[in-house]
1. Run the dipole for the chain about the Cα centre, Lys and Arg Cβ at +1, Asp and Glu Cβ at -1, nothing else charged, and hand back the magnitude in debye, nearest 20.
2. Take the residue pairs K18/K88; K18/K40; K19/K55 and return only those whose Cα atoms are more than 28 Å apart.
3. Using a 1.4 angstrom probe, figure out how much accessible area the chain has per residue, in square angstrom, rounded to the nearest whole.
4. Just K40, K19, K67 to compare: in a GNM of the chain, with alpha carbon springs under 10 Å, which one fluctuates most?
5. Please report the carbon-and-sulfur percent of the accessible area for the chain; probe 1.4 Å, protein heavy atoms only, DNA, RNA and ligands left out.
6. Over the chain, what portion of Cα pair distances is larger than 17 Å, expressed as a whole percent?
7. To the nearest 10 Å², what's L4's accessible area with a 1.4 Å probe?
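The values are calculated or read from the model by the stated rules, or taken from the named source; none is laboratory data. No experiment lies behind these values; they were computed from the predicted model shown. FYI the Cβ positions are ideal-geometry reconstructions off the backbone, even for glycines, and counts take in every protein chain you see. Just so you know, the surface numbers come from the protein's heavy atoms only, side chains and all, with ligands and any DNA or RNA stripped out. Shrake-Rupley method; radii C 1.70, N 1.55, O 1.52, S 1.80 Å.
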Amino acid sequence: MLPLNNLILIEYEEPAEKKTEAGLYVPPTTTTTTAQDFLKEGKVLAVNPTEENIKVGDMVFFSVYAKTVVPGTKNQYFVRKEDLYAVK
């Protein structure tokens with residue numbers, strides 16, 4: 001798949017549920033908002049050939065609100081280059 005214009009194809013895996021040694025599940029906190037609630041880290045799967053700064057395989061941080069789900073996939077998103085925060 002070849003993204004057009006300034007779009008980047010990213011794969012993101014939801015983190016597994018946290019579990020204690022005793023087997024109890026730790027629910028996500030709902031009272032405190034952190035950067036983890038807004039920023040997600042994903043792997044770049046495809047970019048436009050004209051893109052010079054971001055390459056396939058790079059890990060990037062993107063806003064959870066700036067993604068568009070790729071139809072027919074569970075964990076692939078299109079994100080605009082302007083909505084990326086950093087390349088790791």
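1. Dipole magnitude for the chain comes out near 80 debye.
2. K19/K55
3. Roughly 75 Å² per residue, with all protein chains present.
4. Checking each option, the largest mean-square fluctuation is seen for K19.
5. 55 percent
6. Of all Cα-Cα pairs in the chain, 52 percent lie more than 17 Å apart.
7. 110 Å²
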